[in-house]
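Trainee: Questions regarding the structure given below will be posed in turn.
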Amino acid sequence: RARIGVMTSGGDAQGMNAAVRAIVRAGIHQGAEVFAIREGWQGAILGGDHIQHMGWSDVSGILNKGGTVIGTARSQEFRTREGQLRAVENLILNGIDRLIVIGGDGSLTGSRALCLAWPEYVAELVEAGRITAEQALAHPHLNIAGLVGSIDNDMVGTDMTIGTDSAMHRITEAVDAISSTAESHRRTFIVEVMGRHCGYLALMTAIAGGADYTFLPESPPRDGWEERMVDVLGRGRAAGRRDSIIIVAEGAADREGHAITAERIQGVLRDLTGEEARITILGHVQRGGTPSAYDRWMATACGVEAVKRVLEADALSEPLLVGVRRDEVHCTPLIEAVEATRRVSDYVAEGDYEAAIEARGVGFTT
Ligand code: F6P
């Protein structure tokens, strides 16, 4: 029977458990054996108890839980050749040559690199006597499918990444709560949201929360933004608004590349208006808690498709990214998604912000 490994890797995200549950159950349904690789690639490197056979009921009651019950890690060792060799060795010793990785851009890129190097690593392991020639022959390829688990929605190839919708709900609730106290005191709040180099969370929650102003990494403001921001906030107040809400993405910067932080915005407001704005940094609250309905069904649908894809071919010529396009499950060669995602940061670095936004190609599906 085919053996599928499933792991969550990199930062956790709400909905990862729904994906794990779907992969375990769809795998069993298709007649395969499924193994959870605990703590991401670090678990593959360590082997032993980190690679655990999963039964149907091992994933009971996890659908509504935040985070990932099989653990995750950002493994430094996986970046080394010996780390990757040990991961390949442990996968082969457990008979696993089909792998579904639920992780962010970095984890999926690393997984693809290991997949390409698989034949070379296998040969080296045989040479070193760490696996037998029979074991090598039985596992000539590694089939990989990736699901993008990240609240950032920073990967091209899927309209939404697992966790983003839940994070947007959490941020919007927080902005609603902040708005009421801000209105009472006629205050300005600066809310910093996550997203690394991606402004999706900031942009969408600025719209959903009715914010006055937002700062995004893909769209650094032109010179004079300080006065323009003050003017927009002032016009809102003049029109009768009692609160002012600014949402700043953690990766926001100006056109010289200097970070636009909540403190910097606070300083600008102090200098230009004399107002002492309040700062709320939402932090990991955004990544925790119950997954939304969208994240649960989307992760489930992608998980089922990923199982189908890793089982249907003996050797996938290219690892696949399983995501969604216009609310339907959609597969893209991982290399295309990785390269298109890189292009976004290249355009930002070159100052071609329109191209960056175009290349980001995010959907508006929820
Ligand atoms: O990639 C997800 C994310 O939450 C980012 O939005 C954020 O920049 C980063 O991870 C935080 O990482 P850590 O949990 O390691 O502090």
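Trainee: Here is a check on your reading of the model: is residue 264 assigned to a helix (DSSP H, G or I) and farther than 20 Å from residue 112 by Cβ? Talk me through it step by step, then tell me what you get.
Mentor: Working: assigned to a helix (DSSP H, G or I): yes; farther than 20 Å from residue 112 by Cβ: yes.
When the stated conditions are applied, residue 264 passes them.
Trainee: For the range 174-193, how many residues meet the condition of being surrounded by 18 or more Cβ atoms within 10 Å (Cβ to Cβ) and either of a type in the set (Gly, Ala, Ser) or under 22 Å from residue 253 (Cβ atoms) (or both)?
Mentor: 9
Quick grid of which residues meet (1) in contact (Cβ under 8 Å) with a residue 40 or more places away in the chain; (2) touching an Asp or Glu at 6+ places or on another chain (Cβ under 8 Å); (3) in a loop (DSSP other than H, G, I, E, B); (4) more than 15 Å from the ligand (Cβ to nearest atom):
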residue	(1), (2), (3), (4)
189	yes, yes, no, yes
197	yes, yes, yes, no
205	yes, no, no, no
211	no, no, yes, yes
217	yes, no, yes, no
222	no, no, yes, yes
232	no, yes, no, yes
242	yes, yes, yes, yes
245	yes, yes, no, yes
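Trainee: Still on this structure: Check off (1) surrounded by 22 or more Cβ atoms within 10 Å (Cβ to Cβ); (2) more than 21 Å from residue 326 (Cβ to Cβ); (3) within 14 Å of the ligand (Cβ to nearest atom); (4) modelled with pLDDT under 95 for residue 154 and give me the number that stays unchecked.
Mentor: Evaluating residue 154 over (1) surrounded by 22 or more Cβ atoms within 10 Å (Cβ to Cβ); (2) more than 21 Å from residue 326 (Cβ to Cβ); (3) within 14 Å of the ligand (Cβ to nearest atom); (4) modelled with pLDDT under 95 leaves (2) as the failure.
Trainee: Of all residues in the range 129-157, how many are of a type in the set (S, T, N, Q) and under 11 Å from the mean Cα position of the chain (by Cα)?
Mentor: Filtering the range 129-157 down to residues of a type in the set (S, T, N, Q) leaves 132, 135, 143, 150, 153.
Narrowing the set further to residues that are under 11 Å from the mean Cα position of the chain (by Cα) leaves 150, 153.
Number satisfying all stated conditions: 2.
Trainee: Could I ask something else about it? Taking only pairs six or more apart or across chains, which ones have beta-carbon atoms under 9 Å, a first residue in the range 274-286 that is within 16 Å of the ligand (Cβ to nearest atom), and a second residue that is of a type in the set (A, V, I, L, M, F, W, C) and part of a loop (DSSP other than H, G, I, E, B)?
Mentor: Filtered contacts from the range 274-286: 282/194; 283/194; 284/194; 286/151; 286/194.
Trainee: Working only within the range 325-366, note down all residues that are modelled with pLDDT of 85 or more, aliphatic (A, V, I, L, M) and within 29 Å of residue 143 (Cβ to Cβ).
Mentor: Residues satisfying the conditions are 329, 334, 335, 337, 338, 340, 344.
Trainee: Considering each of 176, 159 in turn, give the residue that is away from the ligand (no atom under 16 Å from the Cβ), in contact with a strand residue (DSSP E or B) (Cβ under 8 Å, 6 or more places away or on another chain) and among the acidic types (Asp, Glu).
Mentor: Step by step, each of 176, 159 is checked, and only 159 is away from the ligand (no atom under 16 Å from the Cβ), in contact with a strand residue (DSSP E or B) (Cβ under 8 Å, 6 or more places away or on another chain) and among the acidic types (Asp, Glu).
The values are calculated or read from the model by the stated rules, or taken from the named source; none is laboratory data. Note that the structure is a prediction, hence the values are computed from the model and not measured. With ideal geometry, Cβ positions are generated from the backbone for all residues, glycine too; neighbour counts draw on all protein chains shown.
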